[in-house]
1. Just from the alpha-carbon atoms, what are the Rg and Dmax of the chain in angstroms?
2. Calculate one ³J(HN,Hα) per residue across segment 3-9 by plugging θ = phi - 60° into the Karplus curve 6.51 cos²θ - 1.76 cosθ + 1.60, and present them in order as whole Hz with x for glycine and proline.
3. Residues of segment 1-35 with backbone nitrogen within less than 20 Å of a virtual label 7 Å along the Cα-to-Cβ line of residue 48, please, listed as ranges.
4. Which of 20, 52, 63 sits closest to the plus end of the dipole of segment 2-67, meaning its Cα is farthest towards the positive end, when Lys and Arg get +1 and Asp and Glu get -1 on the C-beta?
5. Apply the Karplus curve 6.51 cos²θ - 1.76 cosθ + 1.60, θ = phi - 60°, to the phi angles in segment 48-58 and return the couplings in whole Hz, x for Gly and Pro.
6. Between the DSSP loop rule and a limit of at most 12 other Cβ atoms within 10 Å, which trypsin sites (Lys or Arg not before Pro) in segment 23-68 are left?
7. What list do you get for 36, 12 if you sort them by fewest beta carbons within 10 Å?
8. Can you tally the net charge around residue 2? Count Lys and Arg as +1, Asp and Glu as -1, for every other residue whose Cβ sits under 13 Å from the Cβ of residue 2.
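Any read-out appearing in this document is the output of simple, stated calculations on the displayed coordinates, not a laboratory observation. This one's a predicted model, so the numbers in the text were calculated from it and none came from an experiment. Note: ideal-geometry Cβ built from the backbone for every residue, glycine included; neighbour counts use all protein chains shown.
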Amino acid sequence: MRHYEIMVILDSELEERTVAPSLDTYLNVIRTSGGSVEKVDIWGRRRLSFEMNKKNEGIYAVIDVQAEP
């Protein structure tokens, strides 16, 4: 298995209490594919380097994963 670092940017309009359940969607895909999640680091709300879908902010999270290529 190889180590991967995945950065996910969620919609800035999400409430703080719904960030973890939203990330579970990504984590479940990794787990059901035979990978393992080592660490989830939620950076919080940050400014985007450029506008996406008319939004200037997003909620950043970094996920460390062990998975097959």
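1. 13.0, 38
2. 8, 10, 10, 10, 9, 10, 10
3. Those under the cut-off are 6-16, 18-20, 22-23, 26.
4. Toward the positive end, the furthest listed residue is 52.
5. 6, 5, 8, 5, 10, 6, 6, 10, 9, 10, x
6. 54
7. Listed from fewest to most nearby Cβ atoms, that is 36, 12.
8. My count for the surroundings of residue 2 gives -4.
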